[in-house]
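The values are calculated or read from the model by the stated rules, or taken from the named source; none is laboratory data. These numbers were taken from a predicted model, which means no experiment stands behind them. Ideal geometry is used to build each Cβ from the backbone, glycine not excepted, and the neighbour counts take in all protein chains shown.
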Amino acid sequence: MLEADYLVVGAGAMGMAFVDEIITQQPSARLILVERRGKPGGHWNDAYPFVSLHQPAAYYGVNSEKFGEGGGALATGAEVLGYFDRVMRKLLRTGRLQFFPLCDYQGEGRFVSLVDGTQHQVKVRKKVVDASYMKVEVPATKPPAYEVAEDAELVPPNGLAGLEAPHEGYVIVGSGKTGMDACLFLLDRGVEPGRIRWIMPNDAWLLDRDNVEPGAVIRRGQHLEVQCLAESRTLREYYESLERHGRLIRLDPEVWPTKWRCATVNHRELERLRSIEHIVRMGRVKRIERDQVLLDEGTIQTGPGWLHVDCTADGLAKRPVLPVFDGDRITLQSVFMCQQVFSAALIAHVECKYANDERKNQLTRVVPHPEFPVDNVTASATSMGNLVAWGTELRGWLRGSRLFILHHEPLMGLISMTFRTRKHIAQIEEAVSAILADHRSRQQGSRKTTQ
């Protein structure tokens with residue numbers, strides 16, 4: 001039998017950020033952290049060896065421990081794991097955290113060791129915290145959703161780092177950030193673009209990473225996103241405006257993207273990806289055979305010397321929205337678009353600052369991870385609304401939180417951004433209603449035409 005104020009399930013980035021904030025703000029709190037893997041870091045333990053952060057390390061990790069070289073510098077997967085190991089050791093030294101790796105949480109305060117089967121029961125004095133709800137899937141832990149012939153060679157991206165001989169060609173399956181990483185890995189190691197076939201079921205809108213570098217967010221026009229949304233009345237208008245103002249970019253100027261997943265690239269990476277001539281836009285893969293790939297809308301020929309790389313796992317799937325605060329349970333979810341780790345720390349701060357669940361949930365309106373372009377509309381609007389609410393009540397904490405992207409901006413820029421958002425909030429609400437109504441009307445018209 002164990003006792004703790006908080007029982008936290010999941011030692012990934014969100015779980016670590018939550019635990020760090022609670023330990024910082026509640027000097028008497030005792031926590032138990034349960035994790036199925038052998039060490040902290042969540043999906044980073046399973047990711048491909050050449051993975052790196054897609055956004056600057058300056059606002060990743062936990063609030064109490066700086067990370068990265070500063071500025072727009074990223075960090076490798078190995079550096080991320082080393083960072084979380086260092087943070088874990090620091091938190092354990094407080095004597096207020098107990099960490100149980102290789103344990104499976106079974107509900108009702110019970111968990112069991114995956115090594116020796118020991119059963120543990122926790123008396124939870126305050127809350128059970130689900131830090132695994134927004135779990136990230138990677139290709140190495142999820143089998144592909146299509147058929148693969150026995151004589152066809154298929155590997156997850158992890159397999160690229162262990163190649164023992166060159167292949168005649170490479171087929172990259174998946175158009176998300178993992179697929180981009182796999183293509184860049186091959187190109188940066190001298191593979192000619194003509195030897196790559198990139199299967200892209202859906203093009204996606206991409207974030208220009210230069211726009212989110214610490215200290216450059218306001219200078220490079222973050223306020224324009226408020227303006228673009230407030231002035232648009234259709235989804236196409238909104239994205240054309242974002243693209244015109246340099247807020248979003250796309251791989252092919254001639255192809256209208258149908259996905260929005262917060263993937264980021266810089267201009268060098270974009271030009272490298274554009275060098276790949278054989279981009280296959282024929283739907284999803286149905287079956288991979290030794291010398292061909294069968295897709296929804298056709299077939300491409302390959303050969304027995306080709307290596308297929310599966311990059312199709314849905315890294316951050318959109319999950320149903322749950323109340324963040326629900327009695328004796330906290331479910332960690334994103335409350336600012338594509339900023340999950342910051343969101344976990346803010347939720348911990350709100351837990352410490354307020355007593356009423358209704359007020360807590362008002363300050364932590366959930367922003368589901370986007371998948372389609374229309375999701376960006378609601379996700380942006382909710383994020384902006386949350387920012388306005390926080391600017392009134394949580395301004396001091398936000399200014400001191402290194403995980404908050406605007407923490408790294410000049411104070412006057414932060415004040416100006418909050419003021420602009422508050423000023424246009426009514427226009428934003430009106431624009432969102434108009435865009436969503438137009439989108440629904442177009443969908444209904446499309447369905448009638450199909451029928």
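Numbers below:
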item	result
Residue 38 more than 26 Å from residue 409 (Cβ to Cβ) and not assigned by TED's automatic domain parsing to the domain that holds residue 163	yes
Yes/no for residue 33 being assigned to a strand (DSSP E or B) and in contact with a helix residue (DSSP H, G or I) (Cβ under 8 Å, 6 or more places away or on another chain)	yes
Test: residue in region 332-354 that is modelled with pLDDT of 95 or more, more than 18 Å from the chain's Cα centre (by Cα) and outside any helix (DSSP H, G or I)	yes
Per-region count, region 359-371, residues closer than 21 Å to residue 133 by Cα and at pLDDT 95 or above	8
Residue under evaluation residue 327, criteria (1) surrounded by 13 or more Cβ atoms within 10 Å (Cβ to Cβ); (2) not assigned by TED's automatic domain parsing to the domain that holds residue 152, criterion not met	(1)
Hey, residue 233 assigned by TED's automatic domain parsing to the domain that holds residue 157 and among the basic types (Lys, Arg) or not	no
Residue in region 361-373 that is among the hydroxyl-bearing types (Ser, Thr, Tyr), in contact with a helix residue (DSSP H, G or I) (Cβ under 8 Å, 6 or more places away or on another chain), in the same structural domain as residue 328 (by TED's automatic domain parsing) and in a helix (DSSP H, G or I) present	no
Counted residues, region 109-154 - those being over 29 Å from residue 340 (Cβ atoms), surrounded by fewer than 16 Cβ atoms within 10 Å (Cβ to Cβ) and in the same structural domain as residue 292 (by TED's automatic domain parsing)	4
Odd one out for residue 446 among (1) farther than 19 Å from residue 229 by Cα; (2) in contact (Cβ under 8 Å) with a residue 40 or more places away in the chain	(2)
Residue under evaluation residue 310, criteria (1) in contact with a strand residue (DSSP E or B) (Cβ under 7 Å, 6 or more places away or on another chain); (2) farther than 25 Å from residue 435 by Cα; (3) charged (D, E, K, R); (4) surrounded by fewer than 19 Cβ atoms within 10 Å (Cβ to Cβ), criterion not met	(4)
Flag if residue 18 is in a loop (DSSP other than H, G, I, E, B), under 24 Å from residue 400 (Cβ atoms) and at pLDDT 95 or above	no
Residue 275 touching a residue at least 12 places away in the same chain (Cβ under 8 Å), under 28 Å from residue 193 (Cβ atoms) and of a type in the set (S, T, N, Q)	yes
Boolean, residue 9 is under 24 Å from residue 139 (Cα atoms), in contact with a strand residue (DSSP E or B) (Cβ under 6 Å, 6 or more places away or on another chain) and of a type outside the set (S, T, N, Q)	yes
Positions within region 410-451 being surrounded by fewer than 16 Cβ atoms within 10 Å (Cβ to Cβ), under 15 Å from residue 234 (Cβ atoms) and within 27 Å of the chain's Cα centre (by Cα), in sequence order	433, 436, 440
Residue in region 50-77 that is nearest to residue 2 (Cα to Cα), counting only those that are without any contact (Cβ under 8 Å) to a residue 24 or more places away in the chain and surrounded by fewer than 18 Cβ atoms within 10 Å (Cβ to Cβ)	69
Qualifying residue in region 35-49 (condition: surrounded by 23 or more Cβ atoms within 10 Å (Cβ to Cβ), at pLDDT 95 or above and of a type in the set (D, E, K, R))	yes
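This table checks each residue for (1) surrounded by fewer than 19 Cβ atoms within 10 Å (Cβ to Cβ); (2) closer than 17 Å to residue 334 by Cβ.
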{"residue": "370", "(1), (2)": "no, yes"}
{"residue": "381", "(1), (2)": "no, yes"}
{"residue": "385", "(1), (2)": "yes, yes"}
{"residue": "391", "(1), (2)": "yes, no"}
{"residue": "397", "(1), (2)": "no, no"}
{"residue": "403", "(1), (2)": "no, yes"}
{"residue": "408", "(1), (2)": "no, no"}
